[in-house]
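The values are calculated or read from the model by the stated rules, or taken from the named source; none is laboratory data. The model shown is predicted, which means the values in this text are computed figures rather than measured ones. Neighbour counts run over all protein chains shown; Cβ positions are idealised from the backbone, glycine included.
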Amino acid sequence: MPEFILEDGRKAESQESVVDALTKVTEVFVEPKPEKKLSKRITEKLCVCERHIEVLDEATGQVLETIVEKLCGEEVQSQGVVKSPRSLIEEKLASSMDPKKWIFLGVIAAQVLVLAYVLFFM
């Protein structure tokens, strides 16, 4: 079976068989095309010296992270990062315990203690 490479770069093999004196069958077997999925998109705006890098989820195509870099001269400054919705929710939950909520929880705990004292000791 002679092997060769197609125009698009895939490997192929040809197999010839003779059915009868007037019929010759040539079968060409090729490897499947590789499936490519977009994982990153880089947009460079040369007039304002910015580079936008979007990291995409390969399964859904949703933007997971966006990085905006300022390209001023030789150095690269990262301006801001927009994170995935899941990480934003996790950060929001982690930072949601501000002092007002702690005071509110303290008042509730004090009321529960007063109620327990009244029920059991009076």
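Name the strands (runs of 3 or more DSSP E) wholly within segment 6-114 that hold at least 1 residues that are at pLDDT below 80? Steps first, answer last, please.
Numbers: elements: 11-20, 23-30, 40-45, 50-56, 63-72, 75-82.
So the answer is 40-45, 50-56, 63-72, 75-82.
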Practice item. Kindly check whether there is at least one residue in segment 22-32 that is closer than 30 Å to VAL63 by Cα and exposed (fewer than 10 other Cβ atoms within 10 Å of the Cβ). Key: yes
